[in-house]
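Right, one structure below, let's go through it.
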Amino acid sequence: MSAVIEVSGVAKQFKIHHERHQTLKERILHPRSGSTELFDALVDINFTVGEGETVGIVGHNGSGKSTLLKCICGVLKPSSGQIRLRGSLAALLELGAGFQPELSGRDNVYLYGSMLGLSRRMVERVFDDIVDFSELAHFIDTPVKFYSSGMYVRLAFAVAVNVAPEILVVDEVLAVGDERFQAKCLDRIRLFQREGRTILLVTHQADTVRAVCDRAIVLDHGIQVADDTVGEALRIFRQRLLGDVPARGAISSTIQITGVTTPSGSFDMRRGDNLTFEIDVTSDHAVSANLVTEVFTRTGLLVSRSDAQAAPVEIRPGENRIQVEWRSVPLLDGVYEVNLGLVEASGGTVLAWRERAAAVQVLYDGRATGVVEIESSVTA
Amino acid sequence: MDAAASPPERSASTAPRIVSARTPLGPRLRNLLERRELLWGLIVSDIRIKYKGSALGLIWSMLSPALTLATYYLVFSVFLKNGIPGFVVYLFAGLVVWTMFQTAVSTSTGVIVDRAGLVKKVSFPREILALSNVGASIFYFVIQFAVLVAFVLLIGHPVTWSWAWLLLIAFVSLALFAAALGIAMSAITVYLRDVRHLMDVLLQLWFWVSPVVYSYSNSLAPSLHRHGLTALYFVNPITPIILTFQRVIYGAPIVTSTTSGLPLHVLPSWSLSTFATMNAVILAVAIVAFLVALVIFGRLEGNFESEL
């Protein structure tokens, strides 16, 4: 597998102007006033992305993930280090940024295409697909200033995905459009994966990463803290989020999920059985918390997330044991991963999190396939 | 759905692209060349947007210089009576050059700031934005120049046709100078926003130190020579370009004054080889200026995103 994106030793510093003197007069009058401070947005980032890989970049707000993405796209220049790219790249940073409001949708498709590095002939060849995908056939000769924001984004996305880039860079744009259009976009990303294109996805939504990516890179305050499998990277990502809590919140997070066991000693079960979890929690203060349970399939599909808001548990200082019982589990044959977390009942701060706290193996000998069985009766 | 199923069509460009703090001049020029289609697209859309919705459309690109021409003609030929015969032709020849330079520089100075949304989101060689404005002004220049040629043919003005090839060199130098200044100023404006207003004033001044509405040889040359300032006057690279256009289009360097009936020294009576040498030097300087502007731009563009 050859490397398509090689990021080596990339760092980016921003100057923070505490008092901005942007006009000539101010600069002359105050040559030295207004201190500037250097801020490290990215520190020594190194990774490679192979051909056909889908890699997620995760991090909370201000972690530098968008800065990194902009460097990769060439919108920003790194202060040091370099990025090597092989193949054409299309970036979905802010959709429709290149549109000229006065021009028609048709003209903008050509202009935007050429910004992405395509010749007029190449755009001509895929023009009909672009219009089909955007579902804007009726408005294609209308100036885009009359478009709604949804139409705008649809057209831009349609251009970007139909120009067949070898590397597609996506920055949380999946959050736009209605649900049906989002599903269409995800479909297109899956198609890209099947075609062996390389995708770089930036998000703070763990679900998207789990659903789409092969691997993930975690950034925290501009530092690369993980480059690992999705599960491991997300575990580190959540830990980092927790690590931030004492700095921000009043409560110091000394609550930990120390162990997860089951009375029967095994997480193996049959479909329809009950399963009891015993969760050991240590704490140094009393707090009322909700237990969050996430269940994933091995492929990263979210089966269920619940936060038991109706039944907060009271955590006492010292050792605690929380019991959870799953009744007549409808899951079908397979291994399911369970993430457990404690969230403060008032306010919702994450107090403790344990990624992959347990792996539940469900045995099922019926004929149904899939994830869950729906109880049904058939009548004529 | 299957239109996208042909990924390797562009993988012909196997050389990896490198994003780093500085891009050397060679790759910069290559990038510009590779993205000429984008440049073309931006020029066309610039022109289309400018006249969109106006009833006269492209005619404005001829009408407004025509009105400027009429104004100067009235002032210098009717009221102040400078005595130059066929002054309209003289004026027109200089004005097309100046209009092109001024339009290119003033429109490209603010272009990065104006199109911040694009610069912050889409990756392409940013010089292209300034170049697209230069390109649009070249387009207007071509129209105006065509009108000028049609005009001199119509009134049967004696043009020095055998020297016409000089115009090509002069024009390339003009375009390169305009591009150089436009590119450098567009980057500097990001950091110092008043450069834009300064540039407007500077261009006014620049206009009057260039021999557009007056004759260099008739009114300035003797006194400049007396004070030894001739070299200083020619520091302005636009002057030799304008002189070349005037010499070719207006033709005769010495004419008979319409007011006094005495011979009038309108243009320098240099030989063809002097003009050719001058233009060659100017072209060389223009190329250097263009490259220097690209280097300046490259040094400044790294922080555009955070300054905009």
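Given the residues A:THR379, A:THR349, which is the only one that is under 29 Å from the mean Cα position of the chain (by Cα) and more than 19 Å from A:GLY231 (Cβ to Cβ)?
A:THR349
Hey, does segment B:221-234 have a residue that's under 18 Å from B:SER173 (Cα atoms) and among the β-branched types (Val, Ile, Thr)?
No, segment B:221-234 contains no residue that is under 18 Å from B:SER173 (Cα atoms) and among the β-branched types (Val, Ile, Thr).
Sort out which residues of segment B:78-128 are of a type in the set (S, T, N, Q) and touching a residue at least 12 places away in the same chain (Cβ under 8 Å), and write them in order of number.
B:ASN82, B:THR99, B:GLN102, B:THR103, B:SER106, B:THR107, B:SER108, B:THR109
Of the residues that sit in segment B:32-76 and are more than 9 Å from chain A (Cβ to nearest Cβ) and small (Gly, Ala, Ser), which one is nearest to the chain's Cα centre (by Cα)?
Among those residues, the one meeting the criterion is B:SER61.
Filter the strands (runs of 3 or more DSSP E) completely within segment A:40-148 down to those with at least 3 residues that are touching a strand residue (DSSP E or B) at 6+ places or on another chain (Cβ under 8 Å) and facing chain B (nearest Cβ under 9 Å).
Correct list: A:80-85.
Quick one: which of B:ALA280, B:ALA231, B:ALA293 is more than 14 Å from every other protein chain (Cβ to nearest Cβ) and at pLDDT below 90?
B:ALA231
List the residue pairs whose Cβ atoms are under 9 Å apart, where the first residue sits in segment B:210-230 and is more than 16 Å from B:LEU264 (Cβ to Cβ) and without any contact (Cβ under 8 Å) to a residue 24 or more places away in the chain, the second is of a type in the set (Phe, Trp, Tyr) and crowded, with 20+ Cβ neighbours inside 10 Å, and the two are 6 or more positions apart or on different chains.
Filtered contacts from segment B:210-230: B:LEU224/B:TYR216.
Can you tell me how many residues within segment A:104-135 are surrounded by fewer than 20 Cβ atoms within 10 Å (Cβ to Cβ) and within 29 Å of the chain's Cα centre (by Cα)?
Going through segment A:104-135 one residue at a time, the tally reaches 3.
Test A:LEU241 against the criterion of being at pLDDT 85 or above, surrounded by 14 or more Cβ atoms within 10 Å (Cβ to Cβ) and not in a loop (DSSP other than H, G, I, E, B), and give yes or no. Give the derivation first.
Values: at pLDDT 85 or above: no; surrounded by 14 or more Cβ atoms within 10 Å (Cβ to Cβ): yes; not in a loop (DSSP other than H, G, I, E, B): yes.
So A:LEU241 does not fit the description; no.
Failed condition for A:GLN193, given (1) more than 12 Å from the chain's Cα centre (by Cα); (2) in a helix (DSSP H, G or I); (3) of a type outside the set (Phe, Trp, Tyr); (4) away from every other protein chain (no Cβ under 14 Å), with all others met?
Every listed condition holds for A:GLN193 apart from (4).
Condition first: without any contact (Cβ under 8 Å) to a residue 12 or more places away in the chain and at positive phi. Now tell me which residues in segment A:343-370 satisfy that.
Matches in segment A:343-370: A:GLY347, A:GLY348.
When segment B:240-272 is examined, which residues are found to be in a strand (DSSP E or B) and either of a type in the set (Ser, Thr, Tyr) or within 21 Å of B:PHE151 (Cα to Cα) (or both)? Spell out how you get there, then give the answer.
First, the residues of segment B:240-272 that are in a strand (DSSP E or B): B:254-256, B:263-265.
Those that are in a strand (DSSP E or B) and either of a type in the set (Ser, Thr, Tyr) or within 21 Å of B:PHE151 (Cα to Cα) (or both): B:VAL255, B:THR256.
Which residues, taken from segment B:262-308, are in contact with a Lys or Arg (Cβ under 9 Å, 6 or more places away or on another chain) and either among the aliphatic types (A, V, I, L, M) or over 19 Å from B:ALA21 (Cβ atoms) (or both)?
B:LEU267, B:PRO268, B:TRP270, B:PHE275, B:LEU294, B:VAL295, B:LEU308
When the residues of segment A:136-154 are narrowed to those that are surrounded by 15 or more Cβ atoms within 10 Å (Cβ to Cβ) and under 31 Å from the mean Cα position of the chain (by Cα), which ends up modelled with the lowest pLDDT? Before the answer, list the steps.
Residues of segment A:136-154 surrounded by 15 or more Cβ atoms within 10 Å (Cβ to Cβ): A:136, A:139-140, A:143-144, A:147, A:151-154.
Those left that are additionally under 31 Å from the mean Cα position of the chain (by Cα): A:136, A:144, A:147, A:151-154.
Details: A:LEU136: 86, A:VAL144: 86, A:TYR147: 87, A:MET151: 84, A:TYR152: 82, A:VAL153: 79, A:ARG154: 82.
Here the answer is A:VAL153.
Please indicate, with yes or no, whether at least one residue in segment B:166-184 is assigned to a helix (DSSP H, G or I), surrounded by 14 or more Cβ atoms within 10 Å (Cβ to Cβ) and within 14 Å of another protein chain (Cβ to nearest Cβ). Show your work before the answer.
In the first step, residues of segment B:166-184 are kept if they are assigned to a helix (DSSP H, G or I); the result is B:166-184.
Next, only the ones that are surrounded by 14 or more Cβ atoms within 10 Å (Cβ to Cβ) stay: B:166-167, B:169-184.
Subsequent filtering for residues that are within 14 Å of another protein chain (Cβ to nearest Cβ) retains none.
No, every residue in segment B:166-184 fails to be assigned to a helix (DSSP H, G or I), surrounded by 14 or more Cβ atoms within 10 Å (Cβ to Cβ) and within 14 Å of another protein chain (Cβ to nearest Cβ).
The values are calculated or read from the model by the stated rules, or taken from the named source; none is laboratory data. All of these numbers come straight from a predicted model, not from anything done at the bench. All Cβ positions, glycine included, derive from the backbone under ideal geometry; neighbour counts span all protein chains shown.
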